[in-house]
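Have a look at the structure below, then the notes.
Where a number appears in this text, it was derived from the coordinates with a stated rule and is not lab data. Computed from a prediction, not measured in an experiment: that's the story for all the values here. For neighbour counting, all protein chains shown are included, and Cβ atoms are generated from backbone atoms with ideal geometry for every residue, glycine included.
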Amino acid sequence: MSIEKLIPFVLRSGQLEVGRERLLQVRKHLAGLLVTEDISENSLRKLMRDFSCPIYCRYTIDDMERMFQLRGTKLVGLRHSSLTNQILSELKPWRLKNGAYEIPPHAKVAVLGISGIGKHHANWWAMEGATLCGFLGSSPESVERAAAELQRLYNRSCTGYTNLQTLLETEQPDIVDVCLPPAMHEAAVRTALEAGCHVLCEKPFVYVRGMAEEAILTQARNLEGLARQKHRLLGVASQYVMAAKACLNLLPEGAMPPKRMDLTLAAPLKDKIPDALDTWTDLAPHLLAVIQVALPGAQPDWQSLKWDWHGCYASAKFTCIHGDGQGGTRCRIVTEHTDNPPVNIRRLGFGDHVYDIEGQKDEAGVFQMCIHGSDGQAVQSEDMLRLLIRGFLHQRVEMPAPMAVQNLEWMLHVMKKTQNIDC
């Protein structure tokens, strides 16, 4: 029986409590609280502090009026009973934990786009215990090809869809992982958040080539606000956050903050990367994330910006002023797509301490992250994307929306300066 069909029985049996004062009086007898989606962050924090029972956020204020005949009510309580326990059991996916929705064990994950990096995302979700419930493709043919590739590479299978709304309504995922082309990120993230899903999105967070900088940032900030309103987790999959943390742990005491940081990413040339602008948007978010992790609270001094852009090569130099205002770090970012060896460079330099990051398979054929330091250190750990996905499943967002918006601001500002155009 649906929740709404059970509500009249709750009303007749007197198991509904209303009014904050009354709820505080009977809180020891409450099985749970229902709050509306537009409840404020401050109110939510107070509820978390004052009540030990579970809190669920599923309905709008109009839903509350329709179901309980209560006008303008954002909060109701349900007393312990077999009936209310049945209702709250069905509401489990909407239970809040520390101000955010609790992600259940074996969370259902839908990956949007698995023909590229998405197939690796899909594999790591499954490796970390999530349930792959579906994926999105652009056409029946692409769905068939992607499903075959996922099966061939990782022996994984799940249902493919060509319509996002159909996927969401049919599978009702807990998490949506957006691995679509950047121009499709905003619409996909917004649709998933509105459907009640947590969202992890590939970098860059929001970007459409040719769109004005402020319009792009407005879209990103609106998504940040929507996630906050819906109390959903929203993060960007910049896996070099994990690489940066691993390298920083290897630094000797007193090595931070360094006077300079030299960061390089070079990747094989692709047909879809025609120029330096696309190279920058493809790779720079990773290296900007390294700066954000290494120098928390720092801000670039854009007056110091210098750049060198040609072909599929894009570099930028600027000074980051430390958060305490005391001193700065000279940062140099180099991004390149090339056919000339070495085609893969992942190098993070913090002063005199330089770390090269490689990927290789272990004895079981599972990819690992290998870090080789200029001082002879060699460390092997789990793949950085796997670590990021594991954190998300445990409600730890490595690049949360505010950090992602700042990362996007920095990426776009360099582009605007170097191109002297909107992005």
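What is the stretch 176-229 by shape, rounded, prolate or oblate, if you read a ≥ b ≥ c off the alpha carbon gyration tensor as root eigenvalues and call it rounded for a/c under 1.5, prolate for a/b larger than b/c, and oblate otherwise?
oblate
In percent, how large is the relative contact order of the stretch 337-386, given Cα pairs closer than 8 Å and 6 or more residues apart?
24
Give me, ordered by chain and number, the residues 5 or more places off Ile55 or on other chains with an amide H under 5 Å from its own placed amide H.
Leu33, Leu96
What are the principal axis extents of the Cα atoms in the chain, in Å, biggest first?
Principal extents (Cα only, largest first): 75, 54, 45 Å.
At q = 0.24, 0.27 Å⁻¹, what log₁₀ I(q)/I(0) does the stretch 147-192 have when each alpha carbon counts as one equal point scatterer in the Debye sum?
So the normalised log intensities are -1.00, -1.09.
Rounding to the nearest 20 debye, state how big the charge dipole of the stretch 240-387 is about its Cα centre with +1 on each Lys and Arg Cβ and -1 on each Asp and Glu Cβ.
On the way: 13 positive and 19 negative charges, 73 e Å.
Rounded to the nearest 20 debye, it is 360 debye.
Dividing the convex hull volume of the alpha carbon atoms of the stretch 108-236 by its residue count, what do you get in Å³ per residue?
It is 92 Å³ per residue.
Once you've got the Cα coordinates, tell me which of Lys259/Lys417; Lys203/Lys259; Lys108/Lys245; Lys108/Lys361; Lys361/Lys416 are over 32 Å apart.
On the way: Lys259/Lys417 24 Å; Lys203/Lys259 28 Å; Lys108/Lys245 28 Å; Lys108/Lys361 27 Å; Lys361/Lys416 40 Å.
Listed pairs above 32 Å: Lys361/Lys416.
Apply 1/(1 + (r/R0)^6) to the Cβ-Cβ distance of Ser142 and Thr218, taking R0 = 41 Å, and write down the FRET efficiency to the nearest 0.05.
FRET efficiency, Ser142 to Thr218: 0.85.
Counting every Cα pair in the stretch 240-387, what percent are over 21 Å apart?
Tail fraction, whole percent: 46.
Near Lys46, which lysines are there with a Cα under 19 Å away, not counting those fewer than 8 places off in the same chain?
Lys28, Lys74, Lys97, Lys230
Relative contact order for the chain using alpha-carbon pairs under 8 Å, separation at least 6, rounded to a whole percent? Walk me through the numbers before you get to the answer.
On the way: 782 pairs, mean separation 54.2, N = 423.
Once divided by the residue count of the chain, the mean separation gives 13 percent.
What is the Rg over Rh value, at two decimals, for the stretch 344-423, using alpha-carbon atoms and the Kirkwood definition of Rh?
My calculation puts Rg/Rh at 1.09.
Is the shape of the stretch 223-277 rounded, prolate or oblate, going by the alpha carbon gyration tensor and its root eigenvalues a ≥ b ≥ c, with a/c under 1.5 for rounded and a/b larger than b/c for prolate? Walk me through the numbers before you get to the answer.
Working: a/c = 2.68, a/b = 1.14, b/c = 2.36.
Since a/c reaches 1.5 but b/c is at least a/b, the shape of the stretch 223-277 is classed as oblate.
Tell me, what ³J(HN,Hα) does each residue in the stretch 20-34 have, in order and in whole Hz, if you take phi through Karplus 6.51 cos²θ - 1.76 cosθ + 1.60 with θ = phi - 60° and put x for Gly and Pro?
Result, ordered by residue: 4, 5, 5, 4, 5, 5, 10, 4, 5, 9, 8, 7, x, 10, 10 Hz.
Could you state the orientation-averaged shadow area of the convex hull built on the Cα atoms of the stretch 335-384, in nm² to one decimal? Walk me through the intermediate numbers first.
Values: hull surface 18.4 nm².
Averaging across all directions leaves 4.6 nm² for the Cα convex hull.
How high is the FRET efficiency between Glu21 and Ser82 when r is their beta carbon distance and R₀ equals 22 Å, given to the nearest 0.05? Mind showing how you got there, number by number?
Working: r = 27 Å, r/R0 = 1.24.
It comes to 0.20.
Report the net charge of residues surrounding Ala237, where surrounding means a beta-carbon distance below 12 angstrom and charges are Lys +1, Arg +1, Asp -1, Glu -1.
-1
Once Lys and Arg get +1 and Asp and Glu get -1 on their Cβ, which of Ser52, Gln15, Ala316 lies farthest toward the positive end of the dipole of the chain?
The one lying farthest along the dipole's positive direction is Gln15.
Under the definition of Cα pairs under 8 Å and six or more residues apart, what whole-number percent is the relative contact order of the stretch 1-140?
Taking the mean separation of contacting Cα pairs over the length of the stretch 1-140, I get 23 percent.
How big is the stretch 3-101 along each principal axis, measuring the range of its Cα positions in Å and listing the largest first?
32, 28, 27
Suppose every K and R has +1 on its Cβ and every D and E has -1 on its Cβ; what is the size of the dipole of the chain about the Cα centre, in Debye to the nearest 20?
My answer is approximately 1400 debye.
Where in the stretch 228-245 is the amide nitrogen less than 19 Å from a point lying 7 Å along the Cα-to-Cβ axis of Asn42?
Backbone N within reach: 228-231.
Comparing Pro268, Pro93, Pro173, which has the greatest mean-square fluctuation in the GNM of the chain with Cα pairs linked when under 10 Å apart?
Pro268
What value does the stretch 185-301 have for Rg/Rh, both radii from Cα atoms and Rh as Kirkwood defines it? Could the numbers behind the result be given before it?
On the way: Rg = 16.5 Å, Rh = 16.3 Å.
Result for the stretch 185-301 is an Rg/Rh of 1.01.
Helix 140-154 sits at what angle to the longest principal axis of the chain, using alpha carbons and giving 0 to 90 degrees rounded to 10?
Tilt relative to the chain: about 80 degrees.
Taking 2.2 N^0.38 Å as the expected size of a compact globular protein, what ratio does the Cα radius of gyration of the stretch 239-324 give against it, to two decimals? Don't skip to the end; give the middle numbers.
Details: Rg = 14.3 Å, N = 86, 2.2 N^0.38 = 12.0 Å.
So the Cα radius of gyration is 1.19 times the expected 2.2 N^0.38 Å.
Tell me, in nm to one decimal, what length is gained between Lys317 and Asp339 on full extension, where the rule is 0.36 nm per residue of separation less the Cα-Cα distance?
Fully extending the segment from Lys317 to Asp339 adds 5.5 nm.
Based on the Cβ-Cβ distance of Ile61 and Trp302, what FRET efficiency does E = 1/(1 + (r/R0)^6) give at R0 = 51 Å, to the nearest 0.05?
That pair, Ile61 with Trp302, gives E of 0.70.
As a test of the formula, what do you get for the chain when each DSSP H run with n ≥ 4 contributes -39,500 (n - 2.57) and the sum is divided by the residue count, at 222 nm and rounded to the nearest 500 deg cm²/dmol?
Value at 222 nm, helices only, nearest 500: -11500 deg cm²/dmol.
Could you go through the stretch 337-350 in sequence order and give the Karplus-derived ³J(HN,Hα) for each residue, using 6.51 cos²θ - 1.76 cosθ + 1.60 with θ = phi - 60°, rounded to whole Hz, and x for Gly and Pro?
Whole-Hz 3J(HN,Hα) from phi for the stretch 337-350: 10, 8, 9, 7, x, x, 7, 10, 10, 10, 10, 10, x, 10.
Quick one: if you stick a label point 7 Å off each Cα along the C-beta vector at Glu253 and Ser89, how many nm between them?
5.5
Which angle from 0 to 90°, rounded to the nearest 10, does the C-alpha axis of helix 384-393 make with the longest principal axis of the chain?
Roughly 10 degrees between the two axes.
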